[in-house]
Amino acid sequence: MGRFASTVEYYVRYREPYPPAFFQAIAARLGLHGDEALLDVGCGPAPLSIGIAPFVGSCTGLDPEAAMIEAARAAAQDEGVRLTLHSGCIEDFSANRSFDIVTIGRALHWLDRRAALEVLERIVSPSGRVLVCGSTSIESPHSPWLEPYQEVCNSWSNNPDRKRYRIESKKWFDGSRFDLLDNISIAHVQSIGIDDLIGRALSKSHTSRAVLGARQAEFEAAIRSALEPFSQEGSFSEEIVSCAAVFGRLT
């Protein structure tokens, strides 16, 4: 069983979303023509490939977690998106074709840098782009609840420092044939409830059901207690920033 096996149902429903404007911005900034081939590395339930699909010619998703592949297949079917899926890791990806766009969302920290770069240098087309993406809730006047929420999650985490998650994408590509070309950032505000944020916490590998075990109910109660003072009729606002660091091959 993989590290995300117990998180799939929560990951699909509760992770911070990418808004349509984010994909529109990517298409505009990259000048997509609609015939590009995209590979989504560590695709999970495929929010990136499904979101970009209307702007490219083909989408391929790659993930080592079998349950995530099934979630991606179901999500693509629901959205009417044609998505080719492969179970496995980028480090072992043996495709002999090239891709014009490679997306990596919330997965860079899980990759073996040296092996992954070797594959990327082989499969990314000469003018292709690698997009390192993420969507994150930020502290703002919309979200005074965020700090106490994070404090609870960190206090229950099996990896409270989460150092492996703090990878600078530009540093990750240092010494490779790719350089940072652009940064795309889109902010949006949404309404969210306490149950949504409990689900989001359970979608994380460091506070998953597998990690919490019999303590899950106590963990959920701690989150609820921290958030209830901020709730207005069961919900509150959240500001999310979706980003893409765009890398291209050095000339």
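Here is how the numbers come out for the structure above:
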| read-out | value |
| --- | --- |
| Selected residue (criterion: nearest to Tyr11 (Cα to Cα)) from residues of region 127-146 that are buried (at least 16 other Cβ atoms within 10 Å of the Cβ) and among the polar types (S, T, N, Q) | Ser135 |
| Qualifying residues in region 91-110 (those that are modelled with pLDDT of 95 or more and of a type in the set (A, V, I, L, M, F, W, C)) - the one surrounded by the fewest Cβ atoms within 10 Å (Cβ to Cβ) | Phe99 |
| Count - residues of region 60-74 that are over 17 Å from Ser6 (Cα atoms) and either within 16 Å of the chain's Cα centre (by Cα) or aliphatic (A, V, I, L, M) (or both) | 4 |
| Identity of the residue in region 147-162, under 19 Å from the mean Cα position of the chain (by Cα) and at pLDDT 90 or above, that ends up surrounded by the fewest Cβ atoms within 10 Å (Cβ to Cβ) | Gln150 |
| Top-ranked residue in region 191-225 [being out of contact with any Phe, Trp or Tyr (no Cβ under 7 Å at 6 or more places or on another chain), among the charged types (D, E, K, R) and assigned to a helix (DSSP H, G or I); ranked as surrounded by the most Cβ atoms within 10 Å (Cβ to Cβ)] | Glu220 |
| Residue satisfying all of: in region 1-50; assigned to a loop (DSSP other than H, G, I, E, B), among the aliphatic types (A, V, I, L, M) and more than 13 Å from the chain's Cα centre (by Cα); nearest to Asp182 (Cα to Cα) among these | Leu32 |
| Of residues in region 163-179 being out of contact with any Gly (no Cβ under 7 Å at 6 or more places or on another chain) and surrounded by 14 or more Cβ atoms within 10 Å (Cβ to Cβ), the one modelled with the lowest pLDDT | Tyr165 |
| Conditions (1) without any contact (Cβ under 8 Å) to a residue 12 or more places away in the chain; (2) touching a helix residue (DSSP H, G or I) at 6+ places or on another chain (Cβ under 9 Å): number failed by Leu62 | (1) |
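The values are calculated or read from the model by the stated rules, or taken from the named source; none is laboratory data. Computed from a prediction, not measured in an experiment: that's the story for all the values here. No Cβ is skipped: glycine too gets one built from the backbone with ideal geometry, and neighbour counts run over all protein chains shown.
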